[in-house]
Amino acid sequence: MKQLEKDYKRIVVKIGSSLLFSSNYKRDYEFFNGVATQIASLVNRGKEITVVSSGAIASGICKLKLRERPKELYLLQAVAAIGQNELMNTYRKFFKAKIHIAQILLTWDDFNDRGRYLNAKNTILALLKLGSIPIINENDTVSTDEIKFGDNDRLSALVSSLIGADLLLILSDVDGLIDKDKKVIQVVDEITPQIKALASPTNKKTCVGGMITKIEAAKIAVDSGIPCVIANGKHKNIIICAIENPGQAGTLFVPKKGLAARERWIAFGTKPKGKILVDDGAKRALLNKKSLLSVGVTGLEGNFELGDIVSVIDKEHYEFARGKVGLSSKQLDIVLGSHYDKEVIHRDNIVIL
């Protein structure tokens, strides 16, 4: 296990719906109180805490006394609109007047556009400087399949990368990643296919993700140079325990060498608009920090414009890089059918995953 620094100052805490609500959508006020008490204590010790909280839809279902989660998108978004207000009021009740909380709602559009991305970053950092608690959620009231994150585990990792967090803590109702012998894996040095195979999606009514989405979030975090802990939020003082001793609180995913801020945005901060398929020669060139030229491109998928972020795929259909394209999909398609060799992605705009 690599040595990790002990003094984590900027922490992102992701809280799942299964912790905030029971299976029949009843609020767990004791849990809300425990979260607020721990975070208030940490802020008083100089920590900067950002919360990524699920629960808007569950809160709306609770408020409206619905028997089940709506299936129609328009109704689901209406329930989320009601529930988000209820969720924030519940947090405000337990944080009381001691610490100000702030609501921030995000979609992929806020990450795809570099200007909006930086604006979101500056807003969150300003709130932290003021000693406030940003409480972030996906904007379920307007999200569609095109702009949805899909789950708040991914959103928490993206927020961690966005603000340069020192630690991502994902709280769930399980003790961590469980091995085949039903024991908690305390430390994961590398997220391998074998590690991913241990995960399984959730079938709980109150939540969307599962362990697989948490591992995917951990992958984004560690590739951004941020350690990630998956822990059981029902354990007493788990937030404080995880920050003080992350290797003992659940499953700790050890970070790799961190990417620069702009590289993090290219790699994780924006949703790829298409795919570019390359041959082995082009892949070797990219791995050796060369630019991608059209001669090495074997195909493309999707419609993208100049400046969009795309996935770079090898002949085994494995995504090994992302980059900011210098040609639109229409321009690239024309070049592929000609004898001209054009620069598709400059080496400074490519990040190897």
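At-a-glance table
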read-out	value
Links that overshoot a 26 Å alpha carbon limit, given the list 9/275; 214/315; 63/93; 214/289; 121/289	9/275; 214/315; 214/289; 121/289
Options 287, 325, 274, ranked by Cα towards positive dipole end of the stretch 272-352, top entry (Cβ charges)	287
Global form of the stretch 272-352, assessed from the alpha-carbon gyration tensor, a/c cut-off 1.5	rounded
Listed residues 122, 11, 44: farthest to the positive end of the dipole of the stretch 1-135 (Cβ charges)	44
Loop-located GluC sites (Glu not before Pro) in the stretch 188-297 whose Cβ has at most 11 other Cβ within 10 Å (DSSP)	190
For the chain, size of Cβ-based charge dipole, Lys and Arg +1, Asp and Glu -1, in debye	1020 debye
Antiparallel %, DSSP beta bridges [both residues in the chain], to 5	40 percent
Farthest positive-ward along the stretch 210-322 dipole, Cα basis, beta-carbon charges - from 213, 252, 238	238
Top of 110, 179, 308 by mean-square fluctuation, Gaussian network on the chain, Cα under 10 Å	179
Among 12, 335, 159: highest mean-square fluctuation, GNM of the chain, C-alpha pairs under 10 Å	335
Relative contact order (%) - the stretch 10-263, alpha-carbon pairs under 8 angstrom, separation at least six	22 percent
Extension gain (nm, one decimal) between residue 295 and residue 334, 0.36 nm per residue minus Cα-Cα	12.8 nm
Highest-MSF residue in the chain out of 183, 26, 283 [GNM, Cα springs under 10 Å]	183
Rounded, prolate or oblate (a/c below 1.5 giving rounded, otherwise prolate when a/b exceeds b/c) for the chain by Cα gyration tensor	prolate
Gyration tensor verdict on the stretch 223-281 (Cα atoms; rounded if a/c is under 1.5, prolate if a/b is larger than b/c, oblate otherwise)	prolate
Cβ-based exposure ranking for 241, 62, 228, in which fewest neighbours within 10 Å come first	241, 62, 228
Test item: Cα-centred dipole of the stretch 272-352, Lys/Arg +1 and Asp/Glu -1 on Cβ, debye	220 debye
Sparsely packed GluC sites (Glu not before Pro) within the stretch 273-353, loop by DSSP, other Cβ within 10 Å at most 14	305, 316
Residue order, fewest to most surrounding Cβ atoms within 10 angstrom, among 325, 187	187, 325
Estimated dipole of the stretch 1-95 in Debye, rounded to 20 [Cβ of Lys and Arg +1, of Asp and Glu -1, Cα centre]	60 debye
DSSP-loop GluC sites (Glu not before Pro) across the stretch 19-89, with at most 12 other Cβ within 10 angstrom	68, 72
Set of aspartates and glutamates with alpha-carbon distance to residue 330 below 12 Å, sequence-local pairs under 8 removed	301, 305
Structure-based [θ]222 nm, the chain - -39500 (n - 2.57) summed over DSSP H runs of at least 4, per residue, nearest 500	-10500 deg cm²/dmol
Angle in degrees between helix 211-223 and the longest Cα principal axis of the chain, rounded to the nearest 10	60 degrees
Residue order, fewest to most beta carbons within 10 Å, for 154, 347	347, 154
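Each value in this text was obtained by applying a stated rule to the coordinates, not by laboratory testing. Remember, it's a predicted structure, so these values are computed and weren't measured experimentally. Cβ atoms come from the backbone with ideal geometry, glycine included; neighbour counts cover every protein chain shown.
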